[in-house]
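The numbers here are math on the coordinates, done by the rules we state, and not lab data. Just so it is clear, the structure is predicted and the values come from calculations on it, not from any experiment. Virtual Cβ from ideal backbone geometry, glycine too; neighbours counted across all protein chains shown.
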Amino acid sequence: MPAQKMASERRMLRVFAGEALTPPPIWLMRQAGRYLPEYRAIRARVGDFLELCYTPELAAEVTLQPVRRFDFDAAIVFADILVVPDALNQTVHFVEGQGPRLDAIRSAAELARLNPSATQPKFQRVFETVARVRQDLPRATALIGFCGAPWTVATYMVGGQGSVDQAGARLWAYRDPQGLQRLISLLEDVSVEYLSGQIDAGADLVQIFDSWAGNLPDDQFRHWVIEPTRRLVGRLKQRHPGVPVIGFPRGAGPLVRDYARETGVDGVSCDWTMPLQCMTQELPGHTVVQGNLDPLLLLAGGPALACRVAELVTHFSQRAFIFNLGHGIQPQTPPENVARLVGLVRGAD
Ligand code: CP3
């Protein structure tokens, strides 16, 4: 099917042609996951979280679950940003209730443990999930591929786990910038292949999650967030010129302006601390805005939810805008609140 026909069919893609849609398309970051009983039922059948990511039949099923329930405008392939280090042969485990644990890489010499030519078998499984999902997805629903941004993935690879300050990667950046650059370059290379493979398998657009972009001084932000993202987006655009790219530089604050102007992304996903004024005024007119409901407000529900949803929808009514959360959905969120949110955004409440 010609790309334009497809774009008109998928509301999610029409905003990337500059259309301000009423109601706006909606999907939610981490829309597949533990807040859904049907996800928990499948999760209980596999031992390891990564095993779920690498079993296309099950990964496709959990990708489709939230779309069936809430008729979102987009599905996001079920995988994780830490598939990339795992596919590179770094040891990655998800410890129940604690999050990811990696066999930390602490110096440039230890980069020898990574094997960039080993990624294909694991990447192929994710590509197969994408292909399966595309087959079963309603024609009007877009499919999003994703990866972590080099900086955010590096913070886990170097720290060995999540942290509040990303001290491991930040210290490495100051002590040995050239060494860290080798890791970042390697991540750029494999991420181009990873995203490109997801697009070839049927993803309509991709999102780059830079969840830990916000903890850097402005010079470091430029070096480790803007520059790697610009190179990654540039290389991807060479291969797939028409495929939209959304960036999520969580916590970027006022630096979001440079991020939007310099990285080449088509859309910017904003976290919930970003003022609405800033989202309309600081982001260029051609940049699609995505966001930015506080995930805790969705969890809380009540009248405050309706009020803020109305405010967001009104504020962005003249703009190419995608309704989303400012970060991933919280596992304790009642699914009824999600159904209500979709109703509110679509004007049925
Ligand atoms: O529905 C979707 O959005 C698709 C699937 C998806 C997952 N992770 C599944 C997942 C996506 C897009 C991600 C992205 C991701 N993973 C990010 C970027 C977005 C963000 O939240 O900041 C990051 C930083 C990760 C790394 C990660 N994965 C952590 C820190 C954790 C543990 C904390 C947690 O939320 O549980 C995960 C685990 C994870 N990834 C789960 C899911 C559904 C829960 C694990 C389980 O079900 O056992």
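Data table
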{"read-out": "Selected residue (only one of Val67, Val84, Val77, Val46 is without any contact (Cβ under 8 Å) to a residue 40 or more places away in the chain and of a type in the set (Val, Ile, Thr))", "value": "Val46"}
{"read-out": "Those strands (runs of 3 or more DSSP E) lying entirely in the stretch 244-349 with at least 3 residues under 18 Å from the mean Cα position of the chain (by Cα) and within 23 Å of Leu216 (Cα to Cα)", "value": "245-249, 267-269, 288-293"}
{"read-out": "Residue count for the stretch 9-30, restricted to those that are buried (at least 20 other Cβ atoms within 10 Å of the Cβ), more than 17 Å from Arg134 (Cα to Cα) and within 16 Å of the ligand (Cβ to nearest atom)", "value": "4"}
{"read-out": "Count of residues meeting criterion [touching a residue at least 40 places away in the same chain (Cβ under 8 Å) and acidic (Asp, Glu)] in the stretch 17-40", "value": "1"}
{"read-out": "Failed condition for Ala169, given (1) of a type in the set (Gly, Ala, Ser); (2) within 15 Å of the ligand (Cβ to nearest atom); (3) not in a helix (DSSP H, G or I)", "value": "(3)"}
{"read-out": "Residue in the stretch 203-243 that is nearest to the chain's Cα centre (by Cα), counting only those that are over 23 Å from Ala79 (Cβ atoms) and of a type in the set (A, V, I, L, M, F, W, C)", "value": "Ile226"}
{"read-out": "Per-region count, the stretch 73-87, residues more than 30 Å from Glu110 (Cβ to Cβ) and either touching a Lys or Arg at 6+ places or on another chain (Cβ under 7 Å) or more than 10 Å from the ligand (Cβ to nearest atom) (or both)", "value": "2"}
{"read-out": "Evaluation of Pro334 against (1) surrounded by 14 or more Cβ atoms within 10 Å (Cβ to Cβ); (2) in contact with a Leu (Cβ under 9 Å, 6 or more places away or on another chain) (one fails), failing number", "value": "(1)"}
{"read-out": "Selection count where residues are near the ligand (Cβ under 9 Å from one of its atoms) and over 22 Å from Gln124 (Cα atoms), scope the stretch 35-65", "value": "2"}
{"read-out": "Conditions (1) over 20 Å from Arg222 (Cβ atoms); (2) surrounded by fewer than 21 Cβ atoms within 10 Å (Cβ to Cβ); number of the one not met by Gly179", "value": "(1)"}
{"read-out": "Lone unmet requirement of (1) surrounded by fewer than 16 Cβ atoms within 10 Å (Cβ to Cβ); (2) under 25 Å from Glu38 (Cβ atoms) for Leu341", "value": "(1)"}
{"read-out": "Selection from the stretch 121-131 of residues that are within 15 Å of the ligand (Cβ to nearest atom) and either surrounded by 20 or more Cβ atoms within 10 Å (Cβ to Cβ) or hydroxyl-bearing (Ser, Thr, Tyr) (or both)", "value": "Val126, Thr129, Val130"}
{"read-out": "Within the stretch 236-246, tally of residues that are within 16 Å of the ligand (Cβ to nearest atom) and in contact with a helix residue (DSSP H, G or I) (Cβ under 6 Å, 6 or more places away or on another chain)", "value": "1"}
{"read-out": "The stretch 94-120 - residue that is surrounded by 15 or more Cβ atoms within 10 Å (Cβ to Cβ) and within 16 Å of the ligand (Cβ to nearest atom) and, of those, nearest to Cys53 (Cα to Cα)", "value": "Phe94"}
{"read-out": "Residues being more than 11 Å from the ligand (Cβ to nearest atom) and either surrounded by 22 or more Cβ atoms within 10 Å (Cβ to Cβ) or not in a helix (DSSP H, G or I) (or both) - total across the stretch 134-158", "value": "12"}
